[in-house]
1. Does segment 461-486 hold any residues that are closer than 17 Å to Glu301 by Cα and of a type in the set (Gly, Ala, Ser), and which are they?
2. List, please: which pairs have Cβ atoms under 7 Å, are six or more places apart or on different chains, and start with a residue in segment 158-172 that is surrounded by 10 or more Cβ atoms within 10 Å (Cβ to Cβ) and end with one that is of a type in the set (Ser, Thr, Tyr)?
3. Can you tell which of Arg355, Arg314 is of a type in the set (Lys, Arg) and surrounded by 12 or more Cβ atoms within 10 Å (Cβ to Cβ)?
4. How many of the residues in segment 208-245 are part of a strand (DSSP E or B), under 27 Å from the mean Cα position of the chain (by Cα) and of a type in the set (Val, Ile, Thr)?
5. Which of (1) of a type in the set (Val, Ile, Thr); (2) exposed (fewer than 14 other Cβ atoms within 10 Å of the Cβ); (3) modelled with pLDDT under 90 does Val277 not meet, given it meets every other one?
6. Of the conditions (1) closer than 27 Å to Arg285 by Cβ; (2) surrounded by 15 or more Cβ atoms within 10 Å (Cβ to Cβ); (3) at pLDDT 80 or above, Ala387 clears all except one; give me its number.
7. Name the one entry in Thr214, Thr204 that is of a type in the set (S, T, N, Q) and modelled with pLDDT of 90 or more.
8. When you go through Gly203, Gly159 one by one, which is the residue that is in the same structural domain as Thr259 (by TED's automatic domain parsing), farther than 21 Å from Ser38 by Cα and in a loop (DSSP other than H, G, I, E, B)?
Amino acid sequence: MRPWTAPLAYGLIVAVLQMPAAYAAHEQVDIQAYIHDSCIVADEPFFIPVVPKVGESEQMTPKFLPLIGVVIGKLVELFINHEVQGSVKKIKSGAGRKDTRYATTKQMNLYRADLQAEPVLGINAKLGCMTIVAGKLKPEGTDCTAAYLPKELDRATMGLPQDQWKTVRTDASVENKLRRANVCVDGNAWAVYEARLEFSKDGTAYRLKDAGYTINSLLTTQDKGATRTALYTLKISQPTSTDQAEVLSSAWVKLGTVTAGAKSGGAPSDAGPWLRVPPMSVEARRSYDEKTATHQQLMGEIDALKRAMVRNQRVIDGLDRRIAVVSADLVEGLKQERNKTAVQIQVQGAELDARNTEFRDLPHDPLEFMPVEIEVAITETESEKKAQLALADLIGDTGSAAASAVGSEVSGAISKALDVADLDTGPDSAAETTDYARVQARYFDALVDVQTASPGTPSADSQRSLADAKSQYNTARRALGLEPIP
């Protein structure tokens, strides 16, 4: 199977919609949401045929290569659950609104640690787009990728501006586009919505932005001429054994008035305000520290050794300049000091090579932390006023949330939009992270100074500096709820 055709069922799983009785009897409708690094429909790339080289068969040559855009690649590892066993929680029949269709929720991890180099913890940058599909889906395990017709470029338009490019394929339906990601719809999709998840550079804020929709049929009425005010919501909650989950964040996109047959290419850029990313829990931070302790220790020593070698090289450069200008009776003493420093650099270099080897031998697969539950809901109401009430009901008591409003403004009584400068990032703030990193670096500098002391016995001053740095480092760790180092 081609890598970009891998199923995306790691996001949110299929759920049977809660339908009004009369309408449910007419046809069963499913909803499934996929979270990926790019949008399945909006980011479909143009493809250009590849001509086989001399001596190669068509089987040895890919039929198409991407020309522009992003193809479906590696699954978003943020939502591949390594820490928590998959847990499906179906929404109870009495818990949903009559005008709203819900997906079931599944536990997944919100934070990801990259261990290729220095451990880096944060929101996975590949979390890029959510695709919601409503319709009759084929059974799980179905593979429809072979039926996908790529967006093959008409070579006659290649010299034109990109917005004038055309395709020669014969099927440009949304159902065909979904097959690219192995999303298999039986017949026509009722509706497909896409929203981009954009994150601030520091990872402390995000926003949900409309990336387009295709509505072949409304979900709440069979009347082809009916209009509805539509919105969809995403709710991030803390898993719990009870029905009263703690909502960490709520986001939504409001589409305004829609009808059967409506289509959109998405909202203007920067349409939605920023929302606060749920901060990492104390339990997740402790788990991260425990599982990456060896990585952090070795990388802390590696960085400290590099800093020590740079400082010693500056000492040698300064001694060389002094040796060149001082009187003969001082040269010998300066040369001895230079040789002592050069030996220390060699010792530090050997230690650095050893630490690098140890680090390379560690496992480097990414780790994930902080399980959350994601709930997706699509709402169609008969009026703007009812849409406002539905939105307030769906997001619940989440005063820190903000909305992505497309069709019309969201009432200030429902939620207050937040400016980036107003975001309270809690324990993940830049100031606290910097303070922690500073005391951590000071500890490793003192540790390396003792470990590589020349001629091999650390001085009393070095031992006192290490004890003081260790004390400050442990104080900072306790403040974050972490265990002190021994």
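1. Ser462, Ser465, Ala467, Ala469
2. Once the first residue is surrounded by 10 or more Cβ atoms within 10 Å (Cβ to Cβ) and sits in segment 158-172, its partners that are of a type in the set (Ser, Thr, Tyr) give Trp165/Thr157; Lys166/Thr157.
3. Within the list Arg355, Arg314, the selection yields Arg355.
4. Qualifying residue count, segment 208-245: 3.
5. (2)
6. That leaves (1) as the condition not met.
7. Numbers: Thr204 fails: modelled with pLDDT of 90 or more.
The conditions single out Thr214.
8. Working: Gly203 fails: farther than 21 Å from Ser38 by Cα.
Going through Gly203, Gly159 in turn, the sole match is Gly159.
The values are calculated or read from the model by the stated rules, or taken from the named source; none is laboratory data. None of the values given here were measured: they were computed from a predicted structure. Cβ atoms come from the backbone with ideal geometry, glycine included; neighbour counts cover every protein chain shown.
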